[in-house]
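Let me begin by presenting the structure, written as structure tokens, before commenting on it.
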Amino acid sequence: MSTFVEMDDKNPISAQMHQECGPVILINKFTVESEHTQQFLKQWASDAAFMRRQPGFISAQLHKGIGASRIFLNYAVWESVADFKRAFNNPEFQKTIREYPASVVASPHLFQKIAVPGICVD
């Protein structure tokens, strides 16, 4: 089973799941030891396939740091926090997250897109 480390200890993902807003972006940073990369990718693909079938799921993309990086970044878009929470708390999903290699460290956090005049659109 992987280890969870909060991205923001003052606003953990458990607190974020009580917000009512959307759309939201899940950013999940994973640190994976190189010997467990293939097992991690297989498990992530299985979990992503499960999430894709859930109401409110829009898209997901996995990225890997270049070179010998051990860092993976999952970027997933959901229609709402409520949709993400329902999928995340699903007993089937909760069972599968226990199957990641023990060396994996996951840091999930929810975000909303913001507008910055002249640079980012809302």
So for the stretch 71-122, using the alpha carbon gyration tensor with a ≥ b ≥ c as root eigenvalues (a/c under 1.5 gives rounded; past that, a/b versus b/c decides prolate or oblate), I'd call it oblate
Ordered by fewest other Cβ atoms within 10 Å, a rough proxy for footprinting exposure, 47, 9 read 9, 47
Measuring from the longest principal axis of the C-alpha atoms of the chain, the long axis of helix 37-52 (C-alpha) lies at a number of degrees, nearest 10, equal to 40
For the pair residue 97 and residue 68, the simple spin-label estimate (label points 7 Å beyond Cα toward Cβ) gives in nm 3.2
In a Gaussian network model of the chain with springs linking alpha carbons closer than 10 Å, the residue among 79, 33, 20 that fluctuates most is 20
Plugging the Cβ-Cβ distance of residue 61 and residue 10 into 1/(1 + (r/R0)^6) at R0 = 25 Å yields, to the nearest 0.05, a FRET efficiency of 0.35
With the label point 7 Å along the Cα-to-beta-carbon line of residue 37 and a cut-off under 20 Å to each amide N, the hits in the stretch 54-81 are 61-75
Cross-link reach from residue 95 to lysines, straight Cα distance under 28 Å and at least 8 residues apart if same chain, gives 10, 29, 42, 64, 85
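Values quoted throughout were computed directly from the atomic coordinates according to the rules given, and no laboratory measurement underlies them. All values reported here derive from a predicted model rather than from experimental measurement. Methodologically, a virtual Cβ is constructed for each residue, glycine included, from the backbone with ideal geometry; neighbour enumeration extends over all protein chains shown.
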